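The values are calculated or read from the model by the stated rules, or taken from the named source; none is laboratory data. Computed from a predicted structure; not experimentally measured. Cβ sites come from the backbone with ideal geometry, for glycine too, and all protein chains shown count toward neighbours.
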Amino acid sequence: MIDHKNLIVGINKTCGDLFEESSFYLHQVATNSYKISGDFTSQAINFRGEERDEVTVIKWFEDFWLYSEINFINTNCFISLSVFQGKDSVESKHQLFRAEWDDYNDNQNRHPQPHWHITANKALENTLQIFTDYKEVEGFMSILNEEKSKIINVNDIHFAMIGNWINSETHIHKLDEETKIVKWFFGLLSHIKTELESIK
C-alpha cells in the first residue's frame, strides 16, 4: 500500500527545482486529497471528461502553467496533472493536455495506466464560441458543429503512456511503490518541459 505522506513529501522534495518562476508544492486540501500550490498563480478550466472544473494553476516556465492533484480513495491512488498555456496578463489559461495515473485495482480495466488526454481543441472551440457570440456570425456554429461531427473526439481517448506490451503484459501499471511514482512524476515533468521548450 502507498504511504500517502511519503509520496507527497517525495514529490515535493524532488520536483521543486523544475519550477523557475513559482514555487511548487502539493498541499493537503482534505483528509486524502492534495493539490498543487505556488506563489505565482492564475485561474484555468480543467477539462476532465464531461467535468469542467475551475482550478488554480501555478506558473511553470515561459507561458506554461501547471495543475496537479493526488487523491487517495481507500487503498487506491489517483494522480492527475494538466498543462496549460497563456500569457501572464490573460485572465484564464487554456488547457493543452492532461496526464493521469489511476489505480482502480483492476487489471481488466480497459483504460491504460498511466495515460494522456489531449484537450487543446477545447481552447479553440471556446475562442470560436466567444467570437461568434460577439460578432453574431449567423450559422457559423452550426457549420463548425457539422465539421466537428466528421472527426472523432480525441478528448475521451486514453492514450497509453507506458504500456508494458513488450514484456507480454497489459497496458496497466499498478501504483504500488512511492519511489517509482516519485520518479515517474519527476520524469514526466522533465520530459514535458523539454518537449515544450523545443517547440517555442
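For this structure, a couple of remarks:
- Yes/no for Glu146 being modelled with pLDDT under 65, over 30 Å from Ser33 (Cβ atoms) and surrounded by fewer than 11 Cβ atoms within 10 Å (Cβ to Cβ): no
- The residues on offer are Ile58, Ile73, and the sole one that is β-branched (Val, Ile, Thr) and within 23 Å of Ser190 (Cα to Cα) is Ile58.
- In segment 26-41, the residues that are over 19 Å from Asn6 (Cβ atoms) and among the acidic types (Asp, Glu) form Cβ pairs under 9 Å with partners that are modelled with pLDDT of 95 or more and assigned to a strand (DSSP E or B), at six or more places apart or across chains, as follows: Asp39/Ile58; Asp39/Lys59.
- If you go through segment 67-98 and keep only what is aliphatic (A, V, I, L, M), in contact with a Leu (Cβ under 7 Å, 6 or more places away or on another chain) and over 22 Å from Asp3 (Cβ atoms), you end up with just Val83.
- For segment 42-93, filtered to residues that are in a strand (DSSP E or B) and small (Gly, Ala, Ser), the residue that is surrounded by the most Cβ atoms within 10 Å (Cβ to Cβ) is Ser82.
- Scanning segment 12-29 for residues that are more than 25 Å from Lys180 (Cβ to Cβ) and of a type outside the set (S, T, N, Q) yields Glu20, Glu21.
- Hits in segment 71-114 - residues which are small (Gly, Ala, Ser) and farther than 17 Å from Lys180 by Cα: Ser82, Gly86, Ser89, Ser92
- If the condition is being touching a Ser or Thr at 6+ places or on another chain (Cβ under 6 Å), of a type outside the set (A, V, I, L, M, F, W, C) and under 25 Å from Tyr104 (Cβ atoms), then segment 29-80 contributes Asn46, Tyr67, Glu69, Asn71.
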